[in-house]
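I have placed the structure first, in the form of structure tokens, so that the comments after it can refer back to it.
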Amino acid sequence: MVKLTKRLQAIADMVQKGSVPVDVGTDHGYIPVFLVENQICQRAVACDINEAPLNSCRFLVFQSGLDDKIKCVLSNGLQEVSEDFDTVIIAGMGGELIADILSRADDIHSKNIILNPMTHPEIARKWLYDNGFEIAKDIIVADGKHHYSVLSAEFSGNVAEKSQIDYYLGAITDFSDKEYFEHLLVYLKNKQKSGLCLDDLIKAIEEKI
């Protein structure tokens, strides 16, 4: 049985029971194997742009006896995925790449989306807001020495005007991870030195922590 890191477990916890997920950039395939092994999902799709990590995924799927339940696809984003699915997982990439993958995906508005941007989560959130998605859950996960943003979103069709505060804080309700937000404040204050006006955002974060 696959055991997940805290980061990957937080992602898996956002997958709805009975859904059919595609794990984009699956690497070793830990998330789809975990989801099927634990009967959260009956089937899943794992895709990666590179052959080597996809082969690692294929081997894990084979070892786990799940060849009939997990489809492994060589694909740039979702471009080559032809199987039916209702959930998109994109983890371990920067916010810019995540936004690019989502923007090139067909019928993306009918999917539930789970994201783990390793950098610039504000760019991923902005794409979601600009394209009518509502962020349902937005958390910070501490895993070892690192702190990660993990969020889920569903299409609402409502495109409302948002601010930098929305892009950087999204739907976060738990601000107890002081280290994450202190690092964010340092980053924003450095950006402000280049002439950007981020006073409201910095004040909002300071008030939260």
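The values are calculated or read from the model by the stated rules, or taken from the named source; none is laboratory data. No experiment lies behind these values; they were computed from the predicted model shown. In this analysis, Cβ positions are derived from the backbone assuming ideal geometry, glycine residues included, and neighbour counts consider all displayed protein chains.
Which residue out of SER19, SER56 is in a loop (DSSP other than H, G, I, E, B), at pLDDT 95 or above and of a type in the set (Ser, Thr, Tyr)?
Numbers: SER56 fails: in a loop (DSSP other than H, G, I, E, B).
Checking each option against the conditions leaves just SER19.
Based on what the data block shows, is TYR168 among the hydroxyl-bearing types (Ser, Thr, Tyr), assigned to a helix (DSSP H, G or I), within 17 Å of the chain's Cα centre (by Cα) and under 23 Å from GLY25 (Cβ atoms)?
Values: among the hydroxyl-bearing types (Ser, Thr, Tyr): yes; assigned to a helix (DSSP H, G or I): yes; within 17 Å of the chain's Cα centre (by Cα): yes; under 23 Å from GLY25 (Cβ atoms): no.
So TYR168 does not fit the description; no.
Which one of these is within 26 Å of THR5 (Cα to Cα), without any contact (Cβ under 8 Å) to a residue 12 or more places away in the chain and not charged (D, E, K, R): LEU97, LEU102?
On the way: LEU102 fails: without any contact (Cβ under 8 Å) to a residue 12 or more places away in the chain.
Criteria check complete, one pass: LEU97.
What do you reckon, is SER75 among the polar types (S, T, N, Q), closer than 18 Å to GLY92 by Cα and in the same structural domain as LYS111 (by TED's automatic domain parsing)?
Values: among the polar types (S, T, N, Q): yes; closer than 18 Å to GLY92 by Cα: yes; in the same structural domain as LYS111 (by TED's automatic domain parsing): yes.
Considered against the rule, which asks whether it is among the polar types (S, T, N, Q), closer than 18 Å to GLY92 by Cα and in the same structural domain as LYS111 (by TED's automatic domain parsing), SER75 comes out as yes.
Yes/no matrix, rows are residues, columns are (1) under 26 Å from ASP13 (Cα atoms); (2) among the hydrophobic types (A, V, I, L, M, F, W, C):
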| site | (1), (2) |
| --- | --- |
| LYS111 | yes, no |
| ALA124 | yes, yes |
| LEU151 | yes, yes |
| GLN192 | no, no |
| LEU196 | no, yes |
| LEU201 | no, yes |
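Please enumerate the residues belonging to the stretch 171-209 that are among the polar types (S, T, N, Q) and part of a helix (DSSP H, G or I). Write out each step before concluding.
As a first pass, look at the stretch 171-209 and keep what is among the polar types (S, T, N, Q): 173, 176, 190, 192, 194.
ASN190, GLN192, listed by residue number.
Of all residues in the stretch 123-146, how many are under 13 Å from the mean Cα position of the chain (by Cα) and either surrounded by 20 or more Cβ atoms within 10 Å (Cβ to Cβ) or not acidic (Asp, Glu) (or both)?
To start, the set of residues in the stretch 123-146 that are under 13 Å from the mean Cα position of the chain (by Cα) comprises 123-125, 127-128, 135-141.
Those left that are additionally either surrounded by 20 or more Cβ atoms within 10 Å (Cβ to Cβ) or not acidic (Asp, Glu) (or both): 123-125, 127-128, 135-137, 139-141.
Qualifying residue count for the region: 11.
The rows are residues; the columns are (1) closer than 21 Å to ALA153 by Cα; (2) touching a strand residue (DSSP E or B) at 6+ places or on another chain (Cβ under 8 Å).
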| residue | (1), (2) |
| --- | --- |
| ARG7 | yes, yes |
| ALA10 | yes, yes |
| GLY18 | yes, no |
| VAL24 | yes, yes |
| LEU35 | yes, yes |
| ASN38 | no, no |
| ILE49 | no, yes |
| VAL73 | no, yes |
| GLY77 | yes, yes |
